[in-house]
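Step one of this worksheet: look at the structure below.
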Amino acid sequence: RTSEFKMKLEPIINIPTGEVLAFEVLSRAKDVTLNNEIFFKFLTTDEHLQLLQRQMERFQKLNEQDENYFSSMFVNVPIEFIYDEKIIYELYPFFHKFKINFEVECNSGIFFRDRILWERSSKLLSKGINVWLDDVSEDEFTSAEELINNKVIYGVKLDKYSFWDSYENNANLYGIIGGIRDKMIVEGIETIDHLVYAKNQSVIFGQGYLWK
């Protein structure tokens, strides 16, 4: 079923310099009537792995054309992949060629309740595969910072709705993100006004339709 999808790249930007640092590899259904979120939710583990391998293969071809520009990729994976020690061996042909960043969508508190998840995620980091928490909200920053400091995860992605809410209320985002500023990617930067606000709040890394 993974052949029914097309893939696109969304750049991740160094806000102060405007430099492209990495790309998130996104998959979308060729059938525009299909709900992507539901489709992905019901993929089997094997189908997720097949999709991931296809994403890696595509990025590897780009890396072979320009290894400096296409040097780092982000990709969404189910949390089961963090538990699975075999995933390192499945990805062995790729992770010596370019940087791999796994995005997992889960509450940061899970890592504190599940020692196996804590240890598996730490092991991935030690092997050079960075684990990022996706769609993190402001109330998770303290626990996320602890995970980062303990080298359990590499960083977090602030979800776009939290960013939009901060923007609309002209909140002191700098004061909120403080200690994890250099390990955070802010999602949802879609307009020049969003970009100006992000710069004023000393956001370092951003992503959004502004760079579509």
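Within segment 107-137, how many residues are open to solvent by 30 Å² or more (accessible area, probe 1.4 Å) and touching an Asp or Glu at 6+ places or on another chain (Cβ under 9 Å)?
Qualifying residue count for the region: 6.
Identify the single condition in (1) without any contact (Cβ under 8 Å) to a residue 60 or more places away in the chain; (2) at negative phi; (3) out of contact with any helix residue (DSSP H, G or I) (no Cβ under 6 Å at 6 or more places or on another chain) that ASN170 does not satisfy, given that it satisfies every other one.
Going through the list (1) without any contact (Cβ under 8 Å) to a residue 60 or more places away in the chain; (2) at negative phi; (3) out of contact with any helix residue (DSSP H, G or I) (no Cβ under 6 Å at 6 or more places or on another chain), ASN170 breaks only (2).
Mind checking which residues of segment 100-117 are part of a strand (DSSP E or B) and of a type outside the set (Val, Ile, Thr)?
Across segment 100-117, the qualifying residues are ASN101, PHE102, GLU103.
Inside segment 118-198, counting only helices (runs of 4 or more DSSP H) that do not spill past its ends, which hold 3 or more residues that are closer than 29 Å to PRO78 by Cβ, more than 14 Å from the chain's Cα centre (by Cα) and modelled with pLDDT under 95?
In segment 118-198, 141-149, 160-168 are the helices (runs of 4 or more DSSP H) which contain 3 or more residues that are closer than 29 Å to PRO78 by Cβ, more than 14 Å from the chain's Cα centre (by Cα) and modelled with pLDDT under 95.
Go through segment 45-95 residue by residue and tally those that are of a type in the set (Val, Ile, Thr), open to solvent by less than 20 Å² (accessible area, probe 1.4 Å) and not in a strand (DSSP E or B).
Summing the residues that are of a type in the set (Val, Ile, Thr), open to solvent by less than 20 Å² (accessible area, probe 1.4 Å) and not in a strand (DSSP E or B) in segment 45-95 gives 4.
The values are calculated or read from the model by the stated rules, or taken from the named source; none is laboratory data. Note that the structure is predicted; figures quoted are calculated from it, not measured. Glycine also receives a Cβ, built like all others from the backbone with ideal geometry; neighbour counts cover every protein chain displayed. Just so you know, the surface numbers come from the protein's heavy atoms only, side chains and all, with ligands and any DNA or RNA stripped out. Shrake-Rupley method; radii C 1.70, N 1.55, O 1.52, S 1.80 Å.
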